[in-house]
1. Provide Rg and Dmax in Å for the stretch 483-542, with only Cα atoms included in the calculation.
2. For the pair Gln24 and Asp308, how long in nm is the line joining their label points, each one 7 Å along Cα→Cβ?
3. Okay, helix-only estimate at 222 nm for the chain: each DSSP H run of n ≥ 4 adds -39500 (n - 2.57), divide by all residues, round to 500 deg cm²/dmol; what do you get?
4. With a 10 Å Cβ neighbour count serving as the proxy for reagent exposure, in which order, fewest first, do Thr596, Thr422 appear?
5. Could you sort the peptides 102-108, 65-71 by per-residue average Cβ neighbour count (10 Å cutoff), highest mean leading?
6. Taking the Cα centre of the chain as origin, work out the dipole magnitude from +1 charges on Lys and Arg Cβ and -1 charges on Asp and Glu Cβ, in debye rounded to 20.
7. How large is ³J(HN,Hα) for each residue in the stretch 271-287, as worked out from phi by the Karplus curve 6.51 cos²θ - 1.76 cosθ + 1.60 (θ = phi - 60°), to whole Hz, x for Gly and Pro?
8. Give me Lys508, Lys77 ranked fewest to most by other Cβ atoms within 10 Å of their Cβ, as a rough exposure proxy.
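Each value in this text was obtained by applying a stated rule to the coordinates, not by laboratory testing. This is a predicted model, so every value here is computed, not measured. No Cβ is skipped: glycine too gets one built from the backbone with ideal geometry, and neighbour counts run over all protein chains shown.
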Amino acid sequence: MPTVVEATLGEATVSFETGRVAKQAGGAVLVRSGDTVVLVTATASQEPREGIDFFPLTCDFEERMYAVGRIPGGRIKREGRPSEFAILTSRLIDRPIRPLFPTGLRNEVQIVAMPLSVDQDHPPDVLAVTGASAALAVSDIPFPNLIAAVRVGRVDGQFLINPTWAQAEEGDLDLVVAGTKTSIVMMEAGAKEVTEEDLLAALEFAQEHIRALVTAQEELAAKAGKPKRDFPSFIIDPELIDAVRQREATRIREAIQEPDKAAREAGLQLLRGEIVADLAPDFPEREAELSEAVDKVIKEQLRALILDEGKRPDGRGVEDVRPITAEVSLLPRTHGSAVFTRGQTQVLATTTLGSPGEGQKLEGLELALEQKHFMLYYNFPPYSVGETRMLRGPGRREIGHGALAERALLPMLPPDGEFPYTMRVVCEVLESNGSSSMGSVCAGCLALMDAGVPIQKPVAGVAMGLVTRGDQYVVLTDIQGMEDFTGDMDFKVAGTRDGITAIQLDIKIEGLSMEMMANALAQAKRGRMHIMEKMLDVLPTPRKELSEYAPRIFILEIHPDKIGEVIGPGGKIIKKITAETGATIDIEQDGRVFITSVEAAGGEMARKMIDDITRDVRVGETYLGKVVGIQSFGAFIEILPGREGMVHISELAHRRVARVEDVVKMGDEVMVKVIDVDP
């Protein structure tokens, strides 16, 4: 028999049902709110995966277009490559649950979330995250700390729990929070300059509702949960760690304080090999475990260096930002370009401007969105970290980092009515030692300003870290790669001088207290202000003029009834205008016409042609027309594109005319006067 429990969130109800479908999965739950229904399953392999030193967790959000009553577009009608929304939701599921599994688990665990029905009032992403925890709760997989996720919006100063997509667009905050009953484990947000104090209030508001969802999962597990299996736990032998610590702690601490990333990694690699070779006789055939023990002691020494001495591997204090340089207008043919360098992290960003019709068309479960006119893409080639690998399409990490940087800059872009261009920013990570996503925010902002995009305010970003030991903790500003890998938190904050525009938080511990959050946000603001000053030293305001290679957009407004005349039968007229002028023409249903042309003359010509088509022909006005047809009774003259009139043979001249051809021929240009217009 199916088991159902419910939780109330504001005016909505979230239900969890297990025991009806997918009974061979380790755990399966149907999560429902409104008409949105998501099936989430959790399954673990029978045996641990050999030869790895990490937890093999996979999370997949499988979109199904039938959930919104659509058939996939294009030639292939089967769902295939995941959309950006599906990839970001898969990451959203993974990030809060990964740090909460038991240490040393090596069995493969797979979470699959599949939306079966989606309405526009209850987005499926947060239901999928909560459903993952619920599926684990009723499964045979150990997962001791249940979590839940909610979305918080703010409209007219009031917080809303799990707002609709439309409400989230209307408000000034779109925050997703995941947490346990007592603490926050993950969050990400897009915002319109929300203050740190308002964000903390939103987190406290979210925590109340998270508790209700976790309580419902506990009830579900108590009623229908499976007994937990015993899984082997791969924990490093404490004896090995003690041996490495006692013999080599001093040398390890010295090695991690090399400020250059490449030299430090090479030195640690060499040192690791020496330590393993020295200790191998005492621990025969355990070289792999010894290597892991060395890594463990490296982490211990780095954390002790920060907590006990207030020093970081490169010698900085906890709030110090690495040296910053920036340049703009490096690339002569791009519409805008910038290089932003912070320490050993360097990002090249370019901006390209296009016509409104060049926006990205969206097809997925987000029915509220149809097209994007701002896109930011993040590329992370292997040479940026001194490695080699096959160059394929972007991975989940690149999609996620690009989406975060895009979200940070989006609120500060000019309204479409003032700047109707499609904008494409591409961020190439040329060198990386941490914080490359926030480097992309800074480089992308400068590239937009260099292109002449009239952004409302500059945006900067900084990545924060955390190191804890018992009740002691230290927040780090502008973390580098080693601090990210070893520390307990990766907290990215982007915004203007006046507020936050995007955040993303991931942790490796069981949760963060509100005190930690408040300190991290305050420290991040100070770091962000320092970085912004360095950016504005290079380019204080957006350029007044667009690049000479950027297209110009001419905007016309015509009566909607005239749209058909501009397009013509089968697109004949608009194709003719495009062919003759080289301009791109986009027409909106409200009558706005956008003419995009790199050459100003071509844009002006297209504007005049469209103006002529949509002008009303008035009696008494004279026109220079072209003879396009000859009959025995008169000549047909095109006076405006697609607009023809007939001059009777008796009106061709002041004398009697025997044949029309005696006065005009095909293609002749003649001045004519309108004496009558047929209704």
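1. Radius of gyration, then largest Cα-Cα span, for the stretch 483-542: 13.7, 43 Å.
2. For Gln24 paired with Asp308, the spin-label model returns 5.5 nm.
3. -10500 deg cm²/dmol
4. Final ranking by Cβ density, sparse to dense: Thr422, Thr596.
5. Working: 102-108: 16.1, 65-71: 13.7.
Listed from highest to lowest mean packing, they are 102-108, 65-71.
6. On the way: 76 positive and 104 negative charges, 237 e Å.
Dipole magnitude for the chain comes out near 1140 debye.
7. 5, 4, x, 5, 5, 4, 5, 5, 8, 4, x, 7, 10, x, 6, 10, 4
8. Lys77, Lys508
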